[in-house]
Structures are given as structure tokens and as C-alpha cells.
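The values are calculated or read from the model by the stated rules, or taken from the named source; none is laboratory data. Since the structure is predicted, the reported quantities are computational estimates derived from the model, not experimental observations. Note that we place each Cβ from the backbone using ideal geometry, even for glycine, and neighbour counts take in every protein chain shown. Areas reflect the complete protein model, heavy atoms only, side chains present, ligands, DNA and RNA absent. Shrake-Rupley method; radii C 1.70, N 1.55, O 1.52, S 1.80 Å.
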Amino acid sequence: MTIADPVLQGLIDSLNAAYGLCLDDGRLEDWPEFFVEDCLYQVIARENVDNGLPAAVMYCDSKGMLVDRVVALRHANVFPEHFSRHLISRAVVTGSEGNTVTAEASYAVLQTRNDGETRIYNAGKYIDRLLVKDGAARLVSRTCVYDTHRIATLLATPI
Amino acid sequence: MNTQVRVEAQRSIPTAIDYKVYHDPEIFAAEQSNVFKGRTWCYLGLEAEIPNAGDFRTSHVGETPVVLVRGQDSKIFAWVNRCAHKGATVCRSLRGNQADGAFVCVYHQWAYDSEGTLVGVPFRRGMKGVGGYDKDFDPANHSLEKLRVESYKGMVFGTFSSEIEPLEDFLGPVMRKYIDRVFHRPIKVLGYSRQYMAGNWKLYSENSRDSYHGALLHLFYPTFGIYRQSQDSAGELTEQGFHNVFTVSKPKGDIDYTSFGDEANREMQGATKLQDERLLQFRPEIDDDVGLHIQSLFPNVVLQQIQNTLATRQIVTLGPDKTELVWTYFGYADDDEETTRHRLRNLNLVGPSGLISMEDGEAVELCQQGTIGAEGKFNFIEMGGDDVREYYAPMGMDENAVRGFWKGYLELMSDALSASTAEVPA
């Protein structure tokens, strides 16, 4: 296999690490900033992807929709109080064309609720399209394909 | 005090249910036989999920695993997913196609056809005169346990009861009218999500029939300054109370938010505007203005149209405090790509991550946690009266359909519940 340009590899891995920490630290308002304006973010069950079915539990096809999600989480939605913890693998760069790069990475999101027990809440992989410009990578699209097709209680915080 | 009198005085009624019903394993077991395997039709899936001969999907009736199969002649069958030999699970995939129509148990390779009839037993006559089954062994007596199956407008139901009326009568004309509404043209499945709640199935059944909580628990609309309470709305029930349907029509003009905001105890008035209003866009596609249709069919399914989302929510009862909700999302077969994308955008509103609905999962768990150790204590369901009416409008200020659920439930469960309450020690 070919080894990706180490600078590019570093940019993508840094983006993923910062993305996970942003959500885990509860800085939800910063989360949309990982995306370009005209973006797509979706969280979809692997059983749907494998069967060619498009329904996702979250489907946001603009940055504004990501912002709306965050405002709703802060002010409207009721969900179990919890911490999230993202563990994200090194990215595999699957292609590139001009400024656009495609990559995939495995993730596990652990969740700790008020009972103090940490559970594997959602495991899957990111399928990403990134725009690499001015020494930084931003997400054009991120599809979170989750193996954990039984969602515990509900899925509020983005993956 | 005489124990019997005390027990009698504390029997559950539709306005006051003993919290024990959410926790007691014996009541849960009795529900499996009286409700799910009793005189009811349980939802199994959609015909559109198994369009071709040999297509199957696994499903549940209560806690019992069943398989839904389309046979070679396109007829649909359902059988319990339990080999007649040793009880092993026969069909191990969530869904698929069994092209040759045979379902073979991996353990000893007993083979069944799509109807669930035993068609093959390895070494039935033994080998070289040794072993095998007795000559009286009749495969016809060892088939999978078969359900009676009937469909209505593409919704497939099964029953273990030989006495129950036909499905159409069980649903009744009012429920059929609303099913017709959603299935007015062919559908296509868009996908699934599965939501697992650490709570009793009846808490979810109450939730989908409870209009009182709608604008109080789910604050998405008011957060963004969108008030939907004063639209035309109604709740309609079947006579036994079993089934319920809520409908809300699209607002016809300016709506007044103030009186509701004054009543609410949580911060309601939104200063924030939605950044992307496509999320809420509604394109009427049925010949009426109904923007919300939530139909609870006893005992195990909710059919919904909310904006342009269409879905069934199947309730799987895995234990007294373990309930799985299987969401099957669909659109119409003639949807173009843009319409599908619009539905996907609308789907943000519903399901386990639904902006206007995710709280239901939390509400179920809160009631489960809060009622631990509360045996002999009762809930209070008297909002909007203490009776069960076939029509209640507008919705939002009553618990009529919740009382209806309990009325139907208590009728099916009366013997089992009185047996269990009689055991309460003095």
C-alpha cells in the first residue's frame, strides 16, 4: 500500500483529534467550525448502508443545520446527562483530487452517565471528504456509519 | 384489616395504575400470553420490506422472535424462530433472501419451507439400519409454530389466537381510514433505526398516546419561536380504547403563543431563529392539511406521518425494563431523489435523534427509574376527565387516549392482575 504524504496525514489526524476533543469537552458551539459552509453531516446505521438504504438518524446538509442542532441541544432537548469520549484511529487516506481528500477512520464513542459507569455507546467509522487549504483540513462531508445499531436511549450529542 | 378488601380497594383502574405493572416479572410473563399471544393482532413488518419471493425479515411478537417470509407464490407467512427439534434459532440474519425457500437449522440441519413446515430431517431412517427415528415419526407434527397472518394496506400483522376476529375488524373503520391515508400509494423503505430503552413497553405505549406532554417535554418548536399548540387537532379512539390516532392540521394563519407560554414552567419563548428552515419544510402530499398523524395500534406499533416523515415504530418487549423500538422509515415508491433528500432532512425531527421526539426515550427511562420500589402506589391519569371518549379535541389538554390504553389493557389482563394482587401479604 502507498503511504500518504506525512503532512497530509498529520493534518487529517489532527483534525480528527481536535474534533473528538471538542465534542468531549462539551464545546458544542465550536463543532460546526470543523465543517465548510456547504457541508453534509450524517449519522447512519451500518445495516442501512449495507442494504443501500439512505435513512440516517441525523442528516444535516448545511452548516446552519449543524448550528440548529447545537442550539436545540442546549435549549430544547432533554437527554441523560453524560460525558462522551471519542477514541479515533489514525485515518486512512483513500483518495485525493486537487484540494479534496477522502479518508476513513474508525471511532468508538464511550459514554458515562450519572451512574458513573462508562459504556461503549457507539462504534463505527467516519467516511470523510475534506478540503485541504491554507495548511488546514476542514470537513466537506462526514458520514458516521455506526455498527452499534441498537442506540441506547437516544442519540443527542453528535458523533 | 382484611387483606382481600384492601387489595380490592387498590385495584388498578384506567385513571390509577399500580406502578408494579412496570416492574413485576410475573405480570410481564402474563402479558406475553394475554396480550401479545392473546386476542390481538401484532404488527410484524411491511410488505414492502419483503417484496420478492424468498425475502424474509426477523421480527418479534412481544418477546417472541418470529420470522416474516414471502413464499414462492408471493403469499406472506410468519413462524416462531425456534426449531421444533431443540429450540435453536433457525433464521440467524436480520433480513435477506432465501432463494430456494428453505430455512435450515444449523444445529442438526432440520429444514423448513417458507411456510414453516418441516420438509427435511437428516438421517431420519438412520444409517445401515442403525438409529434414526421411529417409523411413526411424522414430520407434519414437527413444524415451526405458525402464526395467522393478515395484511392491511401493506402493514403485516400476525396472531397466535385462533379465535380473534379478522384484522380489519380488530383495527376498526376509524383506524383503517387513517392507515389508508398514509398508504394511499405504494411505498419504499428508506431504512431503520433501533432505540433501546431501559424501561417497560407500556411506558412507551402511554407516551405515544399522551398528547399532554407534547408541547411541554418537547421544546424544539418553542425554542425557535414556533408555536404549534393552537392548530386544529384531535384524538380519536376505537371503542375498546385499544387504538388511538392523533392528527394535527397545518396552521392556517398567525398563531398566538402567549397564553401557552404563561402556563409553562420551563423557559419556552425562543429568541433564536432556525438557521436552515428546510428542516421543517412541509410539502402536503396527501389530500388534506394534516402535518402530524400519530397512530398507536395496540399492542405493538405506532404509525406516523410527521411533516414528510413516514415511519412505523415497532415495540419489542425484551424484559420488564427492556424495550426496543424499531423504526422503519419509508417514502413513496415514486419519490424522486430530491424528495428523498427532503424526507431525510425532515427525519432529523423524529427517531432516536429526533429534534422534536428524542425526549420520549428519556421520559420512559425516568418513569422506570422513578417507580422502582413503588409497588402499591399509583399513577394519576385524570387530565381532561376520568372517562374514555372516542373523540377528544383539541388535543394537548387531556390524557384520554392513555386511559383508553389502560382500559383495553386491563380487560385483557384482568385475570392475571387480580391473581397477582391477591398475593400481596397483609
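Conditions tested, residue by residue: (1) in contact with a Gly (Cβ under 8 Å, 6 or more places away or on another chain); (2) open to solvent by less than 40 Å² (accessible area, probe 1.4 Å); (3) assigned to a loop (DSSP other than H, G, I, E, B).
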| site | (1), (2), (3) |
| --- | --- |
| B:THR339 | yes, yes, no |
| B:ARG345 | no, yes, no |
| B:GLY361 | no, yes, no |
| B:GLY384 | no, yes, yes |
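For B:GLU145, the conditions (1) surrounded by 20 or more Cβ atoms within 10 Å (Cβ to Cβ); (2) in contact with a strand residue (DSSP E or B) (Cβ under 6 Å, 6 or more places away or on another chain) are fulfilled apart from (1).
Of the residues that make up the range A:65-83, is at least one among the polar types (S, T, N, Q) and modelled with pLDDT of 95 or more? Within the range A:65-83 (the criterion being among the polar types (S, T, N, Q) and modelled with pLDDT of 95 or more), the answer is no, since none of the residues qualifies.
Conditions tested, residue by residue: (1) closer than 16 Å to A:ILE151 by Cα; (2) facing chain A (nearest Cβ under 9 Å); (3) in contact with a strand residue (DSSP E or B) (Cβ under 8 Å, 6 or more places away or on another chain).
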residue	(1), (2), (3)
B:ASP321	yes, no, no
B:LEU325	yes, no, yes
B:ARG341	no, yes, no
B:SER353	yes, yes, yes
B:MET358	yes, yes, no
B:GLY361	yes, yes, yes
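Residues in the range B:100-114 that are part of a loop (DSSP other than H, G, I, E, B) and open to solvent by less than 80 Å² (accessible area, probe 1.4 Å): B:GLY101, B:ALA102, B:CYS105, B:HIS108, B:TRP110, B:ASP113, B:SER114. Looking across A:VAL109, A:VAL78, A:VAL132, one residue alone is without any contact (Cβ under 8 Å) to a residue 12 or more places away in the chain and of a type in the set (A, V, I, L, M, F, W, C). It is A:VAL78.
The conditions of being closer than 19 Å to B:ALA48 by Cβ, β-branched (Val, Ile, Thr), within 14 Å of another protein chain (Cβ to nearest Cβ) and touching a Ser or Thr at 6+ places or on another chain (Cβ under 9 Å) are met by B:VAL189. A:GLN42 satisfies every condition listed in (1) facing chain B (nearest Cβ under 9 Å); (2) at pLDDT below 95 except (2). Taking the range A:62-91 as the range and being within 7 Å of chain B (Cβ to nearest Cβ) and either open to solvent by less than 10 Å² (accessible area, probe 1.4 Å) or part of a loop (DSSP other than H, G, I, E, B) (or both) as the test, the residues that pass are A:SER62, A:MET65, A:ASP68, A:ALA72, A:ALA76, A:ASN77, A:VAL78, A:PHE79, A:PRO80. For the range B:18-73, a residue qualifies if it is open to solvent by less than 20 Å² (accessible area, probe 1.4 Å), in a helix (DSSP H, G or I) and hydroxyl-bearing (Ser, Thr, Tyr), and exactly one does: B:TYR22. Filtering the range B:199-239 to residues that are within 14 Å of another protein chain (Cβ to nearest Cβ), open to solvent by 10 Å² or more (accessible area, probe 1.4 Å) and within 15 Å of the chain's Cα centre (by Cα) leaves B:LEU203, B:ASN207.
Does B:LYS188 fit the bill of being farther than 24 Å from B:SER33 by Cβ, of a type in the set (D, E, K, R) and in a strand (DSSP E or B)? Spelling it out, B:LYS188 is indeed farther than 24 Å from B:SER33 by Cβ, of a type in the set (D, E, K, R) and in a strand (DSSP E or B). You will find that of A:TYR146, A:TYR126, A:TYR121, A:TYR59, the residue that is away from every other protein chain (no Cβ under 14 Å), surrounded by 17 or more Cβ atoms within 10 Å (Cβ to Cβ) and not aliphatic (A, V, I, L, M) is A:TYR126 and no other. Filtered by the rule that a residue be part of a helix (DSSP H, G or I) and open to solvent by less than 40 Å² (accessible area, probe 1.4 Å), the range A:19-34 gives A:TYR19, A:GLY20, A:CYS22, A:LEU23, A:ASP24, A:LEU28, A:TRP31, A:PRO32, A:PHE34.
Of the residues making up the range B:303-318, one or more are open to solvent by 20 Å² or more (accessible area, probe 1.4 Å) and out of contact with any Cys (no Cβ under 8 Å at 6 or more places or on another chain). Exactly one residue out of A:GLU37, A:GLU47 is part of a strand (DSSP E or B), within 12 Å of chain B (Cβ to nearest Cβ) and either out of contact with any Leu (no Cβ under 8 Å at 6 or more places or on another chain) or open to solvent by less than 20 Å² (accessible area, probe 1.4 Å) (or both), and it is A:GLU37.
Entry remark, the range B:116-162: residues being in a strand (DSSP E or B) and under 18 Å from the mean Cα position of the chain (by Cα) number 9 in total.
Only one of (1) open to solvent by less than 30 Å² (accessible area, probe 1.4 Å); (2) in a helix (DSSP H, G or I) fails for B:PRO352. Which number is that? Result: B:PRO352 passes all but (2).
Yes or no, residue by residue, for (1) more than 16 Å from A:LEU139 (Cβ to Cβ); (2) out of contact with any helix residue (DSSP H, G or I) (no Cβ under 8 Å at 6 or more places or on another chain); (3) free of Cβ contacts under 8 Å to residues at least 60 places away in the same chain:
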position: A:ALA18; (1), (2), (3): no, no, yes
position: A:ASP24; (1), (2), (3): yes, yes, no
position: A:GLU29; (1), (2), (3): yes, no, yes
position: A:TYR41; (1), (2), (3): no, no, no
position: A:GLY52; (1), (2), (3): yes, yes, yes
position: A:TYR59; (1), (2), (3): no, no, yes
position: A:HIS86; (1), (2), (3): no, no, no
position: A:GLY98; (1), (2), (3): yes, yes, yes
